Amino acid sequence: MIDESIQILKGVGAQTSAKFTKLNIFTIKDLIEHFPRNHEDHQNIMPISNIKIDKHNSILARVISTPQLTKKGSLIITTFKVTDDTGTLSIIFFNQPYTRSNFHVGEVYNFYGIVNNKYNTIQMSSPSYKTLSQYNNMPKIVPIYPSTKLLSQTLIRNYIQQALDLVKDEMDEVLPEEIILKYNFLSKKEAICNVHFPTSYDVFMQARHRLIFEELFILQLSLYLLKSDFKVKNQGTVKNIPDDLMCFIDKLPFSLTTAQKRVTNEIIADMQKEEAANRLIQGDVGSGKTVIAAISLFITIRNNFQAALMAPTEVLATQHFKFLNEIFKDFNITIKLLTGSTSKKNKQILLDSLQAGEIDILVGTHALLEDNVVYNNLGLAITDEQHRFGVRQRLKLSQKGISPDILAMTATPIPRTLGLILYGDMDISIIDELPPGRTPIKTNAVNSSYYPRIYNFIRQHIDKGRQCYIICPMVTENEKTDDLKDVISYTKQLASNEFSQYNIEYLHGKMKGREKNDVMTRFANGDIDILVSTTVVEVGVNVPNATIMIIENAERFGLSQLHQLRGRVGRGIHESFCILISDSYNSDTKARLKVMTDTTDGFVIADMDLKLRGSGDFFGTKQHGLPEMKIANIYVHTDILQMVQREVENIMKTKQTRYAELFEYIREKYKYTNPTL
């Protein structure tokens, strides 16, 4: 019954069911796992004389003045005074004129809300409220749920209570019994019931802790299980250090930094082990991850294996292809490029050569994952900007060989808390040093009143021979909302007015691959002065002569994305600048932009981004592969996450037959088709 439609509940017809659909609630299980975002605690009635400013308070007070309506612009304000004999305060409602008739002088009500001190007046704004008799008969800890305007809190509570009464005896345990006993967890049934309608605040905290643990446990174990299922097949392919490795390194156009040398040695040690390597390289923008990848590729090819390098975009794949061709030109290594733009005829020739072992390195996009891409002897699989590929995709690439080493690279610093979930079984190397000569990028956050100065600043630098990026959140004017800048119309405006004497063009993800590559090639060659683009240039684009990054509507981007975009400049010998433009007065936006102007440390920025936006939005859209958490927050619940990590590692070390039922549950739950896996 737990998997039945919510329409089996009394009072839930097609119309109500459609409203719940807006909350992604379809079944009874969905409904009882729609956890409260917080609770109103009415257990402790606070005397008005002791109320806590800027905190939630629950008071019992008598109305002592008739509610009055006043208008302030478009606002209709309802105000009246209440007392509990220890003091008085004002109650205020905004745009709820109907509340005027709900309160009567001399009657006692329960009010719950945040109390502020404004203009020397103590007031509670838009509180929830009950009559005295309603208060006496209500639960004293009241759940507040994520909702829509179509569904009241009362309706949601009533349906959840009805659902719990119907299926609470069907809630099977998922956690192993020894873990439940070890941590003295509530049963699944007790936890679910008490997270919605707790008998006390202490019991609620116990219920919440248990459910957070379980959610993180299932996610973490599922990732480990999937990875281990493939790992069992890997016997390890030992690779020896080639005689001409130092010759190759010495011929690189730059010297390796201390950090690059350390990470290179870690990878070489991995490659010489019996077990296949499985390593993540984290390095801030411009730290030199691609060079380390090239050294890894060189070792692999010299050991008579083939290699794959997969990038998320054609622009980045093409850039890698050109870079590798340049540095391998004296070493008789064959490199080919496979993307969605590769013609059918050329693709077939390439695939035949690959299967025959005539291609050493195949660089490409998701096209590398197609079933007809067959290697003769794949020994190394590299993914760049790996957070844009799900675990499933990375593993599919590795399956193209018998036991290839796996190397993943990212320029998006991953806070440890997030890394525990995404890469629990990977070894992690961090390049924490930038190559010499890289000067910090000067970053400023301004509003649109600065446009004349910004345009003049751009002109000055272009006249010195430099280039400029301008990033917009939208592609076309048709998509525009809230006066957002779009690539196409903004380019036309700038080309006709402010920058009519310069070569200005646009770039966006909806263009064909060849068009995008043509624009980026001409920009890299210096034929384009100003490139107006969406975030398609966010990853990997390398134009050392570009020194100015303008980001329009900066409030529309997360911190990590802003940091990635900023990293497109400052890649050459010239001083570089990033200008963030936003007219937003939102406090979170101001906090984010201040972080960007205060630091260029990618890990500090990533940590703050996760803190401000949570795990679900950390990497932007659905590319990151993280499922939405129903109750856990991996930034807030790091202590529980570490407990989970220990237990999952213990389980994976034991005989799997003991946990066969648990493993089967997880395999059935995800069916290994979930994009998060």
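Side notes on the structure shown:
- Neighbours by Cβ (under 9 Å, 6+ apart or cross-chain): first from segment 189-201, open to solvent by less than 10 Å² (accessible area, probe 1.4 Å); second acidic (Asp, Glu) and modelled with pLDDT of 90 or more: 191/214; 192/33
- Cβ-Cβ contacts under 6 Å between residues 6 or more apart (or on different chains), taken from a first residue in segment 638-661 that is within 13 Å of residue 215 (Cα to Cα) to a second residue that is at pLDDT 80 or above and surrounded by 17 or more Cβ atoms within 10 Å (Cβ to Cβ), are listed as 640/212; 640/213; 641/216; 644/216; 644/217; 644/220; 648/220; 648/221.
- All helices (runs of 4 or more DSSP H) inside segment 239-333 with 3 or more residues being free of Cβ contacts under 8 Å to residues at least 60 places away in the same chain and open to solvent by 10 Å² or more (accessible area, probe 1.4 Å): 245-250, 258-271, 314-327
- Members of segment 83-107 found to be open to solvent by less than 50 Å² (accessible area, probe 1.4 Å) and more than 44 Å from the chain's Cα centre (by Cα), listed by number: 83, 84, 87, 103, 106
- Here 115, 142 are screened, and the one residue that is over 30 Å from residue 23 (Cβ atoms) and in contact with a strand residue (DSSP E or B) (Cβ under 7 Å, 6 or more places away or on another chain) is 115.
Condition check ((1) at pLDDT 85 or above; (2) open to solvent by less than 30 Å² (accessible area, probe 1.4 Å); (3) in a strand (DSSP E or B)) across all residues:
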residue: 414; (1), (2), (3): no, yes, no
residue: 417; (1), (2), (3): no, yes, no
residue: 433; (1), (2), (3): no, no, no
residue: 449; (1), (2), (3): yes, no, no
residue: 458; (1), (2), (3): yes, yes, no
residue: 498; (1), (2), (3): yes, no, no
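- Qualifying residue in segment 56-63 (condition: open to solvent by 60 Å² or more (accessible area, probe 1.4 Å), more than 36 Å from the chain's Cα centre (by Cα), at pLDDT below 90 and of a type outside the set (Gly, Ala, Ser)): no
- Count of residues meeting criterion [assigned to a loop (DSSP other than H, G, I, E, B) and either of a type in the set (D, E, K, R) or at positive phi (or both)] in segment 160-188: 3
- Scoring residue 80 on the criteria (1) open to solvent by 70 Å² or more (accessible area, probe 1.4 Å); (2) more than 23 Å from residue 139 (Cα to Cα) leaves a single failure, condition (1).
- Filter pass, residue 79 being in contact with a helix residue (DSSP H, G or I) (Cβ under 6 Å, 6 or more places away or on another chain) and either at pLDDT below 95 or closer than 21 Å to residue 54 by Cβ (or both): no
- Unmet criterion (only one of (1) open to solvent by less than 30 Å² (accessible area, probe 1.4 Å); (2) under 17 Å from residue 298 (Cβ atoms); (3) assigned to a helix (DSSP H, G or I)) for residue 359: (3)
- Only residues that are open to solvent by 60 Å² or more (accessible area, probe 1.4 Å), at pLDDT 65 or above and not in a helix (DSSP H, G or I) were counted in segment 596-634, giving 4.
- Set 383, 365, 339: member being within 22 Å of residue 277 (Cβ to Cβ), crowded, with 19+ Cβ neighbours inside 10 Å and of a type in the set (Ser, Thr, Tyr): 383
- Inside segment 124-140, residues that are surrounded by fewer than 14 Cβ atoms within 10 Å (Cβ to Cβ), more than 13 Å from residue 45 (Cα to Cα) and touching a residue at least 24 places away in the same chain (Cβ under 8 Å) make up a count of 2.
- Of note, residue 98 does not satisfy the criterion of being of a type in the set (Ser, Thr, Tyr), modelled with pLDDT under 95 and in contact with a Pro (Cβ under 7 Å, 6 or more places away or on another chain).
- Of the residues examined, residue 353 is not one that is modelled with pLDDT under 95 and open to solvent by less than 60 Å² (accessible area, probe 1.4 Å).
- Matching residues, segment 547-595, being assigned to a helix (DSSP H, G or I), of a type in the set (S, T, N, Q) and buried (at least 17 other Cβ atoms within 10 Å of the Cβ): 560, 561, 564, 589
- Scanning segment 386-408 for residues that are at pLDDT 80 or above and either over 26 Å from residue 642 (Cβ atoms) or open to solvent by 10 Å² or more (accessible area, probe 1.4 Å) (or both) returns 396, 397, 398, 399, 400, 401, 402, 403, 404, 405, 406, 407.
- Elements of type strands (runs of 3 or more DSSP E) in segment 77-146, at least 1 residues being over 30 Å from residue 629 (Cα atoms) and hydroxyl-bearing (Ser, Thr, Tyr): 88-94, 108-118, 121-125, 128-131
- Residue list for segment 15-48, filter: open to solvent by 70 Å² or more (accessible area, probe 1.4 Å) and not charged (D, E, K, R): 15, 24, 26, 43, 44
- Output for segment 500-540, where each listed residue is hydroxyl-bearing (Ser, Thr, Tyr) and either in a strand (DSSP E or B) or open to solvent by less than 20 Å² (accessible area, probe 1.4 Å) (or both): 506, 533, 534
The values are calculated or read from the model by the stated rules, or taken from the named source; none is laboratory data. Note that the coordinates shown come from a computational prediction; the quantities given were computed from them, not determined experimentally. Reconstructed Cβ throughout: ideal geometry from the backbone, glycine too, with neighbour counts over all protein chains shown. Note: accessible area is taken over every heavy atom of the protein model, side chains too, but ligands, DNA and RNA are not part of it. Shrake-Rupley method; radii C 1.70, N 1.55, O 1.52, S 1.80 Å.
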